[in-house]
Structures are given as structure tokens and as C-alpha cells.
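See below for the structure under consideration.
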Amino acid sequence: FSSSVFYVSPWFPQTQISPKEGWQVYSSAQDPDGRCICTVVAPEQNLCSRDAKSRQLRQLLEKVQNMSQSIEVLNLRTQRDFQYVLKMETQMKGLKAKFRQIEDDRKTLMTKHFQELKEKMDELLPLIPVLEQYKTDAKLITQFKEEIRNLSAVLTGIQEEIGAYDYEELHQRVLSLETRLRDCMKKLTCGKLMKITGPVTVKTSGTRFGAWMTDPLASEKNNRVWYMDSYTNNKIVREYKSIADFVSGAESRTYNLPFKWAGTNHVVYNGSLYFNKYQSNIIIKYSFDMGRVLAQRSLEYAGFHNVYPYTWGGFSDIDLMADEIGLWAVYATNQNAGNIVISQLNQDTLEVMKSWSTGYPKRSAGESFMICGTLYVTNSHLTGAKVYYSYSTKTSTYEYTDIPFHNQYFHISMLDYNARDRALYAWNNGHQVLFNVTLFHIIKTEDDT
């Protein structure tokens, strides 16, 4: 048998094997076609370890096993990371919801702050018509006016789209503008009455006649209100800590005066009440803090007890009032033919410092009040009343005016100006009301003397 190439069992692939590699021929024969059939014996198992292909196969298997283990470890890690990702996804969804809530809350808060700024600007905007009337320092006023308009436009835009501007920056701009406007207002001289608007009804209480007031010289934190019902037969003054307490009826204190008062034309000035003693022309100064009379003095020649009252009567002969300049008494005398006399009083001693005699009949006046040393007189206490006459103590001249105001409840028995509030306090047929006043101002410059 000369051939060195053998065909082995049919379930093996055909492989050329050299006899030198350990294979042994067990038997051989020839089939009918003349082909040689041989039976071979493979080498023993210990010889296979030296087989190069077996070593390669074993190494490959080991690599596969190692890879399988690595894949298993990787799978475990992947499962763990997957669970972590799921957990993080849940947490991120929660955070997203929280951030959305925070954003909504921030917008709500920003809206509130910007609304406060808008309200502050609304308080400043009424100054524009007044500033427009100033004849001096026109360049400064124009600049203020433009800044107010620009800032108002910005605030309006912010209301439409929250977050377009920085709140703190806007807040500082408003505060700066407000400070500059206040500084500008400090330069204002006394103003001339131009317009009366309102009224605002604060409360409905008491009889048809009475008086209510605040102290124009009180500090900003002191907003006490005093209430004196009726024009005669009364000595009780009711005190309230604030307008809010007055509206709710929460009295803080009552005072029992030593004398009854006459009329409704009293005034509180620098912590003391000034009133006309009943059935006399005596003026009383009563200290609320001390609870006693500090001074009293007769107003020489002044008519009293309905001799020279206002048109509505009510023992309104002597009208006490205060303005930016000081304390005043308005009354009439026989010596001045029943026409109005204006006297400036010393607030401590009640002495008359100076007097002015006008030509306006006291009995033809509905009410009167002082603003910056000028007396303004209404022509009636009834519907259709208007400021008809004014007299300047600075120039000792008068003029007829035409400044209407709304007599909402048809009968005014008290009308007094408060310089701190820049408002008229009125008793309107059992209603306590406030009128706003518009004054014409001139700005002082450094060149003014």
C-alpha cells in the first residue's frame, strides 16, 4: 500500500495527515471501484495535548469563557446601572416638576413685586400735571417727566412679559426717582388753589353737624383722628389712633373738655385743640397730652353766638384754622361792618399777631379755609357751592374765583385744610369726607431771595 494519504471516518472532514504525526493504520481494503479503504487509529489522548490546533482551540475556548464571564459581569453592572438610571429618571422628573413649580412661584412673586412698583409709580404719576405747570427749572422737570414715562412703560411691559428686566434694578430706579422728586418738592413755595376733586367718603356717623380732623404738624407715624359731634351742648372729644380705627369705630381715648364748644370750626395744631368757648368770643387752647387748658383769650370785637355765622348758622361765628404758615382765626366784627376779618394768632399765647380786614360779608360765606396764607371762601354750604372769593394776606389783595367742588351730601358744616395731607377735611351732612386739592407751585431757585 504505497499511498501516504488516507480517508478517515466519514463523519470527520477530509484532512491530509502525515503518518509521522502519530496516526496508525489498523486495516486496509479495496472497494469494487478500486478505491483503497483503510482503518486508522487516532493517537492517544495524551498525544492530543501536543496538537497545535487543539491548543489553539483550547485557548480560543478559554478566551470565550473569559469573555462570557466578562459579559456576565458587564450584564450585572448594566442591570444595576439600569436600575440606577430608572431611579434617577424618577428623581429628575420630580426635580423637573419642582423647578416648574419654583418657576411658577417666581413669576407669581415677580408679578407681585412689579405690581407694587406699578402702584408706587401710580402714586408718582399725579405729580406730572403739577410739574407741567412749573415755570422755572424747565429742563429738570422735563427730565423727570420723561423718566417717569419711560419707567412706567417699562413696568407696563414687564406686566406683559415677566422676567424681561431685573426687579432690583427697577426698584432702585423707582426709589432714586422718588427721592429726586421729593427733593424737588422741597423747593416748592406755597401754592395757589387751582382745583378741588372728590370727595372720598371716609365714614358716615353722627348728626348733620360736626367736625373731624388730624394734626398737620404730627409726625408721619402719628395719624390720630379727633371727632367732635354737633355744634353745641357737647364737651366730649373722641380720639382714634388711625383712620382705619376711626372707620371701624375703635376709640383709643375720650376727652371731657372743661367747657362746651360753639360751632364746628375747631382745629388740632401741634398736639393741642383750639376751639371757641360756647356763648363767648373766647378761644381755648387745650393740650391732649396734658389733659388741661394751656391758654385762653378773648378775640377782641369778634361777633359770637350766631351774630356773624356762616350761611348755615350753627354758632359758626369764629372759625379757627391752620395752614403752612401757622394758626388763624376768621370772624367778623361790627367795626368791619360784618365783613370777614383774618387774624394770625400766636399758637402759645393766642395773641393776635396781625389782622387783615376784607370786604366779604361773613354771613354770605358758606365756609372758608386757609392755604399758604390765602383765605378761600365758598359762596354756599348747599348744592352748587364753589370757591368764590380769595384773599391773600401776603399781598393784602383779593380776587373772585370760580373753583367748583362736589357737595355730595348737600350740606357742608365744616371745611378745613390740612397742610400735611394736602387735603380738605369736611363734615357733609353726617358724612366725614375728604377733598383733594391741586395747587399751583413755583420752584425756588438759588437766585431767588
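The values are calculated or read from the model by the stated rules, or taken from the named source; none is laboratory data. All of these numbers come straight from a predicted model, not from anything done at the bench. We place every Cβ from the backbone using ideal geometry, glycine too, and count neighbours over all the protein chains shown. SASA here: full protein model, heavy atoms, side chains in, ligands and nucleic acids out. Shrake-Rupley method; radii C 1.70, N 1.55, O 1.52, S 1.80 Å.
Every Cα-Cα pair in the range 190-440 was counted, and those over 23 Å apart are 44% of them. With a cut-off of 12 Å on the backbone N, the residues of the range 386-428 near the modelled label site 7 Å out from Thr201 along Cα-Cβ are 408-410, 428. Summary of packing: across the peptides 327-339, 346-358, the per-residue average of other C-beta atoms within 10 Å ranks them, highest first, as 327-339, 346-358. Taking each residue as 0.36 nm, the span from Ser298 to Ser252 lengthens on full extension beyond its C-alpha to C-alpha distance by 13.4 nm. With Cα atoms defining each centre, the range 373-421 and the range 319-341 are spaced 14 Å apart in the structure.
A simple packing score, the average count of other Cβ atoms within 10 Å per residue, orders the peptides 287-299, 311-323 as 311-323, 287-299, with the highest score first. Derived scalar couplings between HN and Hα for the range 308-316 equal 10, x, 6, 4, 8, x, x, 6, 8 Hz in order, rounded to whole Hz, by the Karplus curve 6.51 cos²θ - 1.76 cosθ + 1.60 (θ = phi - 60°), x for Gly and Pro.
Here the dipole of the range 225-357 is about 340 debye; that uses its Cα centre as origin and unit charges on the Cβ of Lys and Arg (positive) and Asp and Glu (negative). Solvent-accessible area assigned to carbon and sulfur over the range 190-440 amounts to 48 percent, based on a 1.4 Å probe.
The residues of the range 190-440 expose, per residue, 40 Å² of accessible area to a 1.4 Å probe.
For the range 290-360, rounded, prolate or oblate, judged on the Cα gyration tensor with a ≥ b ≥ c (square roots of eigenvalues), a/c < 1.5 rounded, else prolate if a/b > b/c? Prolate. The alpha carbon centroids of the range 223-238 and the range 285-316 are separated by 14 Å.
Estimated from the Cβ-Cβ distance and a Förster radius of 25 angstrom, the FRET efficiency linking His406 and Cys190 is about 0.50. The residue list Asn379, Asn336, Ser252 was ranked by how far each Cα lies along the charge dipole of the range 190-440 toward its positive end, using unit charges on Cβ atoms, and Ser252 comes out on top.
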